[in-house]
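Scroll down for the structure; my scribbles are underneath it.
The values are calculated or read from the model by the stated rules, or taken from the named source; none is laboratory data. Computed from a predicted structure; not experimentally measured. Cβ placement follows ideal geometry from the backbone for every residue including glycine, while neighbour counts extend to all protein chains displayed.
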Amino acid sequence: MFEGNRVVAHTRSRYPIFQSPMTWIARSPLVSAVSAAGGMGLLENSIADLSVTTREFSAIRAATNQPFGVNLPVRYLQANQNEEKKIIDWLLAQGIHFVTTSAGDPTRYAKLLKDAGVIVYHATATLRGAQKAVDAGVDGLIVEGAESAGLRNPDEVHSFALLQAVREAVDVPIVAAGGIVDGRGMAAAFALGAEGVTMGTRFVASLESPVHQNYKNAIVNAPITGTILTDNPPRARSRGLRTSYAEGVKEGTRERHQGRATLDLLYVNGDVDNTSGSAGESAGLIHEVKAVRQIIDDTVTGFWREIDRLAALRPQIRQGQQRPVRSA
């Protein structure tokens with residue numbers, strides 16, 4: 001179905017659909033469901049404790065024989081150098097074939113992993129970051145627009161312009177991230193130069209997602225203006241659900257939760273009002289909680305439906321161009 005697609009060739013998955021490696025959320029229940037359904041599940045890496053990585057990795061392998069990958073956040077690896085070598089050595093010993101890097105310069109890790117025969121994609125939200133990653137030798141890019149959830153830089157560009165800029169500048173495969181929840185968004189991303197897509201918020205609102213049902217419902221109930229950017233010092237911002245807590249953080253009347261507070265309050269206990277769950281602008285396009293397999297199947301079906309619709313326009317446009325122009 002996706003013969004000749006470079007992302008599928010690199011991942012060995014059935015479809016060029018990635019699940020974002022979201023902290024705490026992207027562990028064995030979600031990752032294994034995505035991979036089993038033909039997508040590319042990506043295990044988040046807790047960094048602080050190799051035992052978590054080994055436990056979740058083993059659980060995914062026990063649940064499915066389909067391919068999956070692991071994300072390595074560069075900045076956190078560098079801050080935990082005692083764990084860095086252990087994690088990479090352990091992953092290479094498991095025969096991992098696909099890794100994504102994020103949050104920093106991938107140069108050192110790209111060389112180390114590629115020398116071991118691993119395919120490496122790097123996640124970036126800027127044109128400059130994309131060019132640097134390609135110069136570092138990565139095999140592909142995950143290009144993340146400013147509409148995405150979580151930590152964002154103040155000067156980021158939204159996907160529509162960013163994908164075109166990156167595609168114009170580099171030749172490696174691009175996986176689009178930000179604003180995509182279905183086949184229509186996937187087809188749009190391909191039109192802008194992508195060969196795959198990543199979905200985060202859409203998979204948070206899935207049956208297999210481990211977060212509290214209240215969080216999932218809040219995503220489903222969010223309007224198209226249902227997210228908000230709040231300052232996250234020293235220079236970052238965070239995009240999450242628009243709640244009274246988030247409005248307070250933005251206005252400076254409430255303090256931002258630190259550490260695991262949001263995880264415990266929202267992910268585990270479902271306190272939507274006193275937190276701001278990470279969510280992209282695409283939350284406004286999600287209308288129900290679905291099983292992962294249904295999300296992926298619907299996305300693929302919708303993608304080909306949009307491709308067929310666009311292809312059907314070609315003879316109509318040609319016919320219109322060939323009609324003689326009548327003089328007034």
Quiz prompt | Matching residues in the range 232-254 - criterion: being in contact with a Gly (Cβ under 9 Å, 6 or more places away or on another chain) and not aliphatic (A, V, I, L, M) | solution = SER238, ARG239, GLY240, ARG242, THR243, ARG254
Quiz item: Filter the range 74-102 for residues that are closer than 22 Å to ARG237 by Cα and buried (at least 17 other Cβ atoms within 10 Å of the Cβ); which is modelled with the lowest pLDDT?
Solution: LEU77
Quiz item: Does ALA9 qualify as being touching a helix residue (DSSP H, G or I) at 6+ places or on another chain (Cβ under 7 Å) and either modelled with pLDDT of 95 or more or not basic (Lys, Arg) (or both)?
Solution: no
Exercise. Give the range 286-308 a look and list any residue that's under 28 Å from ALA218 (Cβ atoms), out of contact with any strand residue (DSSP E or B) (no Cβ under 7 Å at 6 or more places or on another chain) and in a helix (DSSP H, G or I), or say none.
Key: ARG293, GLN294, ASP297, ASP298, VAL300, THR301, GLY302, PHE303
Quiz item: Within the range 153-167, is even one residue in contact (Cβ under 8 Å) with a residue 12 or more places away in the chain, of a type in the set (Phe, Trp, Tyr) and closer than 18 Å to HIS10 by Cβ?
Solution: no
Quiz item: Would you say ASN71 is surrounded by fewer than 24 Cβ atoms within 10 Å (Cβ to Cβ), at negative phi and within 14 Å of the chain's Cα centre (by Cα)?
Solution: yes
Self-check item: ASN65 vs. criteria touching a Pro at 6+ places or on another chain (Cβ under 7 Å) and on the phi < 0 side of the Ramachandran plot
Solution: no
Exercise. Keeping to the range 192-216, report how many residues are part of a helix (DSSP H, G or I) and surrounded by fewer than 20 Cβ atoms within 10 Å (Cβ to Cβ).
Key: 2
Quiz item: Could you list, in sequence order, the residues of the range 171-191 that are touching a strand residue (DSSP E or B) at 6+ places or on another chain (Cβ under 7 Å) and assigned to a loop (DSSP other than H, G, I, E, B)?
Solution: VAL172, PRO173, GLY178, ILE180, VAL181
Practice problem: Collect the residues in the range 217-265 that are in contact with a helix residue (DSSP H, G or I) (Cβ under 7 Å, 6 or more places away or on another chain), exposed (fewer than 11 other Cβ atoms within 10 Å of the Cβ) and over 22 Å from GLU281 (Cβ atoms), keeping them in residue-number order. | Solution: none
Quiz prompt | Candidates ALA283, ALA311, filtered to the one that is out of contact with any Phe, Trp or Tyr (no Cβ under 7 Å at 6 or more places or on another chain), loosely packed, with under 13 Cβ neighbours inside 10 Å and either in contact (Cβ under 8 Å) with a residue 40 or more places away in the chain or outside any loop (DSSP other than H, G, I, E, B) (or both) | solution = ALA311
Quiz item: Quick check: anything in the range 232-239 under 23 Å from PHE18 (Cβ atoms), touching a Ser or Thr at 6+ places or on another chain (Cβ under 7 Å) and in a strand (DSSP E or B)?
Solution: yes
